[in-house]
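Peer 1: Below you will find the structure I want to go over with you.
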Amino acid sequence: MRQLEKLSRDVQAGVVRAIEGLAVEPRPPDSRLLSGTGDIRIWRVASGAYRILYQIKDDVLVVLIVRVADRRDVYNPTTIKRLLNQLRTAR
């Protein structure tokens, strides 16, 4: 994932640990379902100042990481709208 590669090594390590934790518990206590994502259901979990946006596909036991970004940038409405459109067409 290009977004992850752009981060510093120490930030990458924290984000990777958080992502690996999702493999064990896809809905950890600090995770939140993003409002306005409708039937796409995008979740978010924090890793320091960064947010990991992901989708849970329970029927196939998959956690799909869809975005990693700084908390100041991750909730940009235009980006979220584009992300939702991409996920809808990928179904």
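The values are calculated or read from the model by the stated rules, or taken from the named source; none is laboratory data. Note that the coordinates shown come from a computational prediction; the quantities given were computed from them, not determined experimentally. As a convention, Cβ positions derive from the backbone with ideal geometry for all residues, glycine included, and neighbour counts pool all protein chains shown.
Peer 1: For region 40-62, which residues satisfy the criterion of being touching a Gly at 6+ places or on another chain (Cβ under 6 Å) and either buried (at least 18 other Cβ atoms within 10 Å of the Cβ) or acidic (Asp, Glu) (or both)? Working first, answer last.
Peer 2: Residues of region 40-62 that are touching a Gly at 6+ places or on another chain (Cβ under 6 Å), as a first pass: 47-48.
Listed by number, the list holds a single entry, Ser47.
Residue-by-condition table, conditions (1) within 10 Å of the chain's Cα centre (by Cα); (2) acidic (Asp, Glu); (3) at pLDDT 90 or above:
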{"site": "Gln3", "(1), (2), (3)": "no, no, no"}
{"site": "Arg9", "(1), (2), (3)": "no, no, yes"}
{"site": "Gly14", "(1), (2), (3)": "no, no, yes"}
{"site": "Ile19", "(1), (2), (3)": "yes, no, yes"}
{"site": "Glu25", "(1), (2), (3)": "no, yes, yes"}
{"site": "Val45", "(1), (2), (3)": "yes, no, yes"}
{"site": "Leu61", "(1), (2), (3)": "no, no, no"}
{"site": "Val68", "(1), (2), (3)": "yes, no, yes"}
{"site": "Tyr75", "(1), (2), (3)": "no, no, no"}
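Peer 1: Kindly provide the set of residues from region 63-91 that are aliphatic (A, V, I, L, M) and exposed (fewer than 12 other Cβ atoms within 10 Å of the Cβ), ordered by number. Explain how you work it out, then say what you get.
Peer 2: Initial filter on region 63-91 (aliphatic (A, V, I, L, M)): 63-66, 68-69, 74, 80, 83-84, 87, 90.
Passing the criteria: only Ala90.
Peer 1: For region 1-52, which residues satisfy the criterion of being of a type outside the set (Val, Ile, Thr), in a helix (DSSP H, G or I) and closer than 14 Å to Val74 by Cβ? Talk me through it step by step, then tell me what you get.
Peer 2: Filtering region 1-52 for residues of a type outside the set (Val, Ile, Thr) gives 1-10, 12-14, 17-18, 20-23, 25-36, 38-39, 41, 43-44, 46-51.
From what is left, the residues that are in a helix (DSSP H, G or I) are 2-5, 9-10, 12-14, 17-18, 20-23, 38-39.
The answer is Gln3, Leu4, Ala18.
Here is a yes/no grid of residues against (1) of a type outside the set (A, V, I, L, M, F, W, C); (2) touching a residue at least 12 places away in the same chain (Cβ under 8 Å):
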| residue | (1), (2) |
| --- | --- |
| Leu7 | no, yes |
| Asp10 | yes, no |
| Ile19 | no, yes |
| Glu25 | yes, no |
| Ser35 | yes, no |
| Gly38 | yes, yes |
| Arg44 | yes, yes |
| Asp59 | yes, no |
| Ile65 | no, yes |
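Peer 1: Given the criteria on the phi > 0 side of the Ramachandran plot and out of contact with any Ser or Thr (no Cβ under 9 Å at 6 or more places or on another chain), does Gly21 qualify?
Peer 2: Working: on the phi > 0 side of the Ramachandran plot: no; out of contact with any Ser or Thr (no Cβ under 9 Å at 6 or more places or on another chain): yes.
Spelling it out, it is not the case that Gly21 is on the phi > 0 side of the Ramachandran plot and out of contact with any Ser or Thr (no Cβ under 9 Å at 6 or more places or on another chain).
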